[in-house]
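The values are calculated or read from the model by the stated rules, or taken from the named source; none is laboratory data. These numbers were taken from a predicted model, which means no experiment stands behind them. Positions of Cβ are generated from backbone atoms using ideal geometry, with glycine treated the same way; all protein chains shown enter the neighbour counts. All accessible areas refer to the heavy atoms of the entire protein, side chains included, with ligands and DNA or RNA removed. Shrake-Rupley method; radii C 1.70, N 1.55, O 1.52, S 1.80 Å.
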Amino acid sequence: MNKRIIVMLLLIGFMSCKNYDEKIEKLTIAKEYYKALNNSNDVGIEILLRDSLLTKESNYKQTFSIAEYKEWLQWDAIFEPTYITLDIKEENEVVKATISKMDKRILFLHEKPIVTKQTIHFKNTKISSIETTDYLDFKDTIFIKNRTKLLNWVSKKHPELDGFIYDQTKKGGQKYLKAIELYNQEN
């Protein structure tokens with residue numbers, strides 16, 4: 001065989017292996033991300049993300065710094081979340097996942113897990129954005145009804161807890177959980 005052909009075959013083989021490794025790496029990073037969310041592991045999250053993270057849900061976009069995202073993770077941890085990866089695959093330089101999330105807040109508001117499709121975008125080997133592309137199981141009428149019921153009750157019975165709904169800090173999460181617990185005790 002001609003040396004040029006051998007070199008070309010070796011290069012093609014090497015390039016194929018490199019692309020395969022990148023796919024596995026993106027899948028591994030995405031799986032580690034959901035594992036870190038499930039364990040409320042802010043250190044684990046930090047090493048997976050770029051210096052900022054863009055999240056998109058419908059028309060709502062938010063950019064978090066690492067510190068802000070870690071603060072959100074502390075809020076999320078208050079509710080003792082369980083993230084289950086139902087499906088995950090690499091496709092066209094992104095990772096697409098179907099995720100089920102359940103926690104004390106979701107149990108109260110939605111009464112069952114919320115299931116979404118998410119697309120994770122990367123810059124090099126770090127997560128740069130996460131987009132919720134579809135809600136497979138989300139009953140907004142139940143969610144809104146229960147949220148309104150809780151907010152009205154808190155406003156009348158425990159106004160000192162008002163404002164928890166928009167406070168995505170650890171303190172806000174503690175107030176939110178306290179509101180749910182007090183509501184459940186009385187009703």
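A few notes on this one:
- Comparing 42, 162, 103 in a Gaussian network model of the chain (Cα springs below 10 Å), the most mobile by mean-square fluctuation is 162.
- Across the range 100-187, Cα-Cα pairs more than 15 Å apart make up 66 percent of the total.
- Estimated vicinal HN-Hα couplings, Hz - the range 148-154 in sequence order (Karplus 6.51, -1.76, 1.60; Gly, Pro = x): 4, 4, 5, 5, 5, 5, 4
- Greater than 30 Å apart at Cα, pairs in 56/156; 126/149; 31/104; 112/175; 96/139: 56/156; 126/149
- Rounded to the nearest 500, the 222 nm mean residue ellipticity of the chain from helices alone is -17500 deg cm²/dmol, with -39,500 (n - 2.57) taken per DSSP H run of at least 4 residues.
- The candidates 149, 61, arranged from most to least accessible area with a 1.4 Å probe in the full protein assembly, appear as 61, 149.
- Average accessible surface area per residue within the chain, 1.4 Å rolling probe, Å²: 61 Å²
- Candidates 98, 116, 28, ranked by Gaussian network fluctuation over the chain, Cα under 10 Å, top entry: 28
- The alpha carbon centroids of the range 35-89 and the range 156-187 are separated by 22 Å.
- Shown here for the range 91-148: trypsin sites (Lys or Arg not before Pro) in loop regions (DSSP other than H, G, I, E, B) with at most 10 other Cβ atoms within 10 Å, of which there are none.
- Entry for Cα extents along the principal axes in Å (calculated from the structure that is shown) out of (i) 85, 30, 27; (ii) 51, 37, 25; (iii) 51, 46, 27: (i)
- Applied to the range 32-45, the Karplus parametrisation 6.51 cos²θ - 1.76 cosθ + 1.60 on θ = phi - 60° returns per-residue 3J(HN,Hα) values of 5, 4, 5, 5, 5, 4, 4, 9, 6, 9, 5, 5, x, 5 Hz, with x for Gly and Pro.
- Carbon plus sulfur fraction of accessible area for the range 79-125, probe 1.4 Å, in percent: 48 percent
- A 1.4 Å probe over all protein chains sorts 47, 106 by accessible area into 47, 106, starting with the largest.
- For the chain, excluding the exposed loop sites themselves (GluC sites (Glu not before Pro), DSSP loop, at most 14 other Cβ atoms within 10 Å), the longest remaining stretch covers 1-92.
- Across the range 66-72, rounded Karplus estimates of 3J(HN,Hα) from the backbone phi angles (6.51 cos²θ - 1.76 cosθ + 1.60, θ = phi - 60°) give 4, 4, 5, 5, 5, 5, 4 Hz, Gly and Pro being marked x.
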